[in-house]
Amino acid sequence: FAFGFGRAQVNVEGTLNILEALKDLGLVSTRVFNAGSSTVYGKTADEWEGPIPEHAPLQPVTPYGVSKVAQEMAGLQYFHSHKLHVVTGRFFQQVAPGGPETLAMQDFAMQIAMVELGVRSKPEVVHGNLETLRDMTDVRDSARVMVDLAEKSAPGKVY
């Protein structure tokens, strides 16, 4: 929950600033990719059986998730009210080389590397709940999808 207000300010106000500038400059045909997040599902992720579809209820449980819902709604509102070409892609956890150690995959990789380098003598990976299921995507794959969504998708949609 740390930095909730700062993230909300960037996600919501930052998006609104871009959308408002495009509207004011008459650049309504400019394609805008709105970077969504699976955090908008929140509690739904715990209750849903199987893959979560885009039409699942939005029940964010963190300030970040709430800000991402507001960001999505701003994009949809500018599409409906001003005909801006806004497309939102909701992505689950992204992994990448050099990613932050606060994410499980990067933390696991760091622990393994420390053992291999001899910095850590005990060859085990410390972890939390391994029963949790998560979709993870390499950010390099996601980047290609984001470009395709921006270039080829119908505006006013969430993917």
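Spin-label model, Lys122/Leu16: points 7 Å from Cα along the beta carbon direction are separated by 5.0 nm. Every Cα-Cα pair of the chain was included, and the share exceeding 24 Å stands at 45 percent.
With the other protein chains left in place, how much accessible area per residue, in square angstrom, belongs to the chain at a 1.4 angstrom probe?
64
Treating r as the C-beta distance of Gln93 and Val28 and R0 as 41 Å, the FRET efficiency rounds to 0.80. For Asp148 and His55, the FRET efficiency from 1/(1 + (r/R0)^6), where r spans their Cβ atoms and R0 equals 25 Å, is about 0.75. Each of His82, His127, His55 has its accessible area taken with a 1.4 Å probe; listed largest first, they run His55, His127, His82. Measuring nothing but protein heavy atoms, the accessible surface of the chain at 1.4 Å probe radius is 61 percent carbon and sulfur. Annotation: aspartates and glutamates with alpha-carbon distance below 16 angstrom to Lys157 (same-chain offsets under eight excluded): Glu54, Glu72, Asp148.
The values are calculated or read from the model by the stated rules, or taken from the named source; none is laboratory data. These figures come from a predicted structure and were not determined experimentally. Backbone-built Cβ (ideal geometry, glycine too); neighbour counts: all protein chains shown. Side chains included, ligands, DNA and RNA excluded: accessible areas come from the protein's heavy atoms. Shrake-Rupley method; radii C 1.70, N 1.55, O 1.52, S 1.80 Å.
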